[in-house]
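The values are calculated or read from the model by the stated rules, or taken from the named source; none is laboratory data. For clarity, every value in this text was computed on a predicted model and none was experimentally measured. Cβ atoms come from the backbone with ideal geometry, glycine included; neighbour counts cover every protein chain shown. Heavy atoms of the whole protein, side chains included, go into the accessibility calculation; ligands, DNA and RNA do not. Shrake-Rupley method; radii C 1.70, N 1.55, O 1.52, S 1.80 Å.
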Amino acid sequence: MPDLRSIPPVNTLLAREKAIRLISEYGREQVLTAIRQTLDEIREKRSAENISEPLIFNEVEKKLYSLFQPTLKPVINATGVVLHTNLGRAPLSRYAIRAIQEVGENYSTLEFDLQNGKRGSRSVHTEDQLKHLLGVEAALVVTNNAAAVLLCLSALARRRKVVISRTQLVEIGGGFRVPDVMRQSGAILHEIGTTNRVHISDYEEAMQEKPAMALRAHHSNYRIVGFFSEPELKEIVEVAHRNNVPVMDDLGSGALLDTALYGMGHEPTVQESLNAGVDVVCFSGDKLLGGPQAGIIIGRKIFLDKIKRHPLARAVRADKLCLAGLSATLDHYLRGDAEKCIPIWQMLSKSEEELKNTVCHWQNLLKMGEILPGRSTVGGGSLPEETIPTWLLVIQTNKPDQYLAALRNGDHPVIARIENDAIVFDPRTVLDFQEANLLEKLKTVFMEK
C-alpha cells in the first residue's frame, strides 16, 4: 500500500520551475485546477507509481494541452469533394480573409453611418452589391439558408397555406426537413402532386384556394430518376402570378456561374430564378457562391420589407465577420475574377492535365503510389451523383483504416478516402499552400508505418 502522505502539497508543486513555466503559458487558475485533479486521481487510484513529481507534471501538462487544444482546426482536404460539408464547405478567398481580419481586429461601421454620424443599418453592407450584381430590388443576409427560409415563411405566410410539390419535400444534411421548417414558421403545408410527378394543373388547382405563396425547393443531394416530371419554374410563376400569388424559390446552392461550363451538369443559377419571375429567392453563401456561411434573401422590395421588419430577422441576422467575408466574395463576381480568386471555382476549373501533373509531381517526390484516373465530386448538396474527371495518387495497403487514422493525427491533419481497398489522394481539393504539408505528412505516416 503506497504512503499517500508522500504526495507533494499543491503549494509545493506550484513553486516548482515546471509549474511556473506552465502558469506563464496557461494561467495560474488552470494550472492549479490541473494539479488538483491529478493529485485527486492519484489518491483515488492509490497508485505509488504516479507520486513522483515528473510524472505528476507530465499528467498536468497533458490535461492542460487537451484543454487548450482547439477542436476547430484546419485540415487538408484530399478527398476530392469540393464542397465537403463536414470539412466546412467553401474555403474563402485571400481577399475575403483579409476583409474579415480587418473588420475583426478593429471597430467597424457595422451599424454606423459615417456621413451623418448616426446609427445605420447592417443590411447596407451587402445589399447594394447584390442589387447591382443581380438586378434585384432588395436583399437581406442572415446566418444560413435554413434561417433564410424560416424567416421568409414566418414573415410572409404564417397561418396561411404554402403550395409545394411532394417531389420537393426533402430532408437534407443534419436532419433539415422542408416540412418541419414550414411547420416551425407557422405556415400551413399544402402538398400537391405525387412523390414522383407533379403537373402544372396541380398548381392551377391549388391557386384557387388563395394561398400565401408557392414554394419551389431545391432537391439538394436528392435526385428522382425514371418516371418523374415537374413543371418548369417559369410555368409555376406564370400560374401563380395570374392568381396574384407570389413565388419563393429555395435555391440552396447559390450558383452564380454555370457549372455546365466546367464539365459538370447544370446547377440552377440565381439568375435563372430571377429571370423566371420569382418574387423571393433564398440561397447559401458558403456553397457554390464560395463565401462564408450565410443565407441570402433577394427579390422584390415589397416582400423584403416585410421580411426585414419581422422579429425573427434580428435573431438570425448576420454578424460583422460574415458580412465582411461575403461582401469581399461578392466583389469577385462584380469584378469578374471569381474563377481566378475564389478557391472552389479554382478547383472546379482545374484541367485534367494540370491535375495529372500535380499527381506526377507528388509521386516523384514521395517515391510511392500509383497514378490513376478518378472522379471528383462537387458536394454540399449540389449536383447529386455528378462527378468530374481527375487524377489520383493511389497508395495500396492492407490496413487502410489504420493509415487514415494516422493521417488525421498530429499537425496538419489530412483527410483522404478509401477506394477499392486503397487510399486515394485527389489534388483537386488540396490548396496550393497546403501541398508541402501534405507531402511531409505522407512521408512521415507511410515511412513510419
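Filter segment 310-324 down to the residues that are within 14 Å of Leu150 (Cα to Cα) and touching a residue at least 40 places away in the same chain (Cβ under 8 Å) and list them by number.
Of the residues in segment 310-324, the ones within 14 Å of Leu150 (Cα to Cα) are 310-317.
Passing the criteria: His310, Leu312, Ala313, Val316, Arg317.
Taking the conditions exactly as written (within 15 Å of the chain's Cα centre (by Cα) and among the charged types (D, E, K, R)), does Lys63 satisfy them or not? Against the criterion (within 15 Å of the chain's Cα centre (by Cα) and among the charged types (D, E, K, R)), Lys63 does not qualify.
Checked against (1) open to solvent by 70 Å² or more (accessible area, probe 1.4 Å); (2) farther than 23 Å from Pro74 by Cβ; (3) polar (S, T, N, Q), Thr387 meets all criteria but (1). Name the residue that is nearest to Gly285 (Cα to Cα), counting only residues in segment 35-55 that are among the acidic types (Asp, Glu) and surrounded by 13 or more Cβ atoms within 10 Å (Cβ to Cβ). If we take residues in segment 35-55 being among the acidic types (Asp, Glu) and surrounded by 13 or more Cβ atoms within 10 Å (Cβ to Cβ), then Glu41 is nearest to Gly285 (Cα to Cα).
Restricted to segment 110-133, and to residues there that are part of a loop (DSSP other than H, G, I, E, B) and free of Cβ contacts under 8 Å to residues at least 12 places away in the same chain, the residue that is surrounded by the most Cβ atoms within 10 Å (Cβ to Cβ) is Gly120.
Could you identify the single residue in Leu323, Leu288, Leu348, Leu334 that is open to solvent by 30 Å² or more (accessible area, probe 1.4 Å) and farther than 30 Å from Met447 by Cβ?
Working: Leu323 fails: open to solvent by 30 Å² or more (accessible area, probe 1.4 Å); Leu288 fails: open to solvent by 30 Å² or more (accessible area, probe 1.4 Å); Leu348 fails: open to solvent by 30 Å² or more (accessible area, probe 1.4 Å).
Leu334 is the lone residue from the list that is open to solvent by 30 Å² or more (accessible area, probe 1.4 Å) and farther than 30 Å from Met447 by Cβ.
Leu92 passes every criterion in (1) over 24 Å from Leu348 (Cα atoms); (2) touching a Pro at 6+ places or on another chain (Cβ under 8 Å); (3) not in a helix (DSSP H, G or I) apart from (1). Restricting the first member to segment 400-413 and to residues that are over 18 Å from Ser66 (Cα atoms), and the second to residues that are assigned to a loop (DSSP other than H, G, I, E, B) and of a type in the set (Val, Ile, Thr), the beta-carbon pairs closer than 9 Å and six or more apart or on different chains are Tyr403/Thr397. For segment 257-281, a residue qualifies if it is open to solvent by less than 20 Å² (accessible area, probe 1.4 Å) and among the aliphatic types (A, V, I, L, M), and the qualifying residues are Met264, Val270, Ala276, Val278, Val280, Val281. Where strands (runs of 3 or more DSSP E) fall wholly inside segment 340-442, the ranges with 3 or more residues that are closer than 30 Å to Gly252 by Cα and of a type outside the set (Lys, Arg) are 370-379, 382-396.
Being open to solvent by less than 10 Å² (accessible area, probe 1.4 Å), more than 24 Å from the chain's Cα centre (by Cα) and modelled with pLDDT under 90 is a description that does not apply to Val247. Quick check: anything in segment 153-167 open to solvent by 20 Å² or more (accessible area, probe 1.4 Å), assigned to a helix (DSSP H, G or I) and among the aliphatic types (A, V, I, L, M)? So far as segment 153-167 goes, yes, one or more of its residues are open to solvent by 20 Å² or more (accessible area, probe 1.4 Å), assigned to a helix (DSSP H, G or I) and among the aliphatic types (A, V, I, L, M).
Given the criteria within 16 Å of Ala294 (Cα to Cα) and in contact with a helix residue (DSSP H, G or I) (Cβ under 8 Å, 6 or more places away or on another chain), does Ser349 qualify? Taking the combined requirement at face value, the residue does not satisfy it.
Pairs are defined by a Cβ separation below 6 Å, a sequence spacing of at least 6 or placement on different chains, a first member in segment 67-86 that is more than 13 Å from Met347 (Cα to Cα) and open to solvent by 20 Å² or more (accessible area, probe 1.4 Å), and a second member that is assigned to a loop (DSSP other than H, G, I, E, B) and not small (Gly, Ala, Ser); the pairs so defined are Val75/Pro413.
Does Thr429 satisfy the condition of being more than 17 Å from Thr79 (Cβ to Cβ), open to solvent by less than 10 Å² (accessible area, probe 1.4 Å), modelled with pLDDT of 95 or more and under 18 Å from the mean Cα position of the chain (by Cα)? Taking the combined requirement at face value, the residue does not satisfy it. Can you find a residue in segment 201-215 that is basic (Lys, Arg), open to solvent by less than 60 Å² (accessible area, probe 1.4 Å) and modelled with pLDDT of 90 or more? No, segment 201-215 has no match at all. For the structure I just gave you, tell me whether Phe283 is more than 23 Å from the chain's Cα centre (by Cα) and either within 20 Å of Glu127 (Cβ to Cβ) or touching a residue at least 12 places away in the same chain (Cβ under 8 Å) (or both). It is false that Phe283 is more than 23 Å from the chain's Cα centre (by Cα) and either within 20 Å of Glu127 (Cβ to Cβ) or touching a residue at least 12 places away in the same chain (Cβ under 8 Å) (or both). Quick one: in segment 128-173, which of the residues that are among the hydroxyl-bearing types (Ser, Thr, Tyr) and modelled with pLDDT of 95 or more is nearest to Gly325 (Cα to Cα)? The extreme case among them is Thr143.
For the structure I just gave you, tell me whether Asn58 is open to solvent by 60 Å² or more (accessible area, probe 1.4 Å), outside any helix (DSSP H, G or I), free of Cβ contacts under 8 Å to residues at least 12 places away in the same chain and not aromatic (Phe, Trp, Tyr).
Values: open to solvent by 60 Å² or more (accessible area, probe 1.4 Å): yes; outside any helix (DSSP H, G or I): no; free of Cβ contacts under 8 Å to residues at least 12 places away in the same chain: yes; not aromatic (Phe, Trp, Tyr): yes.
In short, no.
Does Val245 qualify as being in contact (Cβ under 8 Å) with a residue 24 or more places away in the chain and under 20 Å from Glu204 (Cα atoms)? Criteria met by Val245.
Per this entry, Ala338 is counted among residues that are out of contact with any Cys (no Cβ under 8 Å at 6 or more places or on another chain) and either β-branched (Val, Ile, Thr) or in contact (Cβ under 8 Å) with a residue 60 or more places away in the chain (or both). For Lys356, the criteria (1) at pLDDT 95 or above; (2) under 28 Å from Glu137 (Cβ atoms) hold in every case but one, which is (2).
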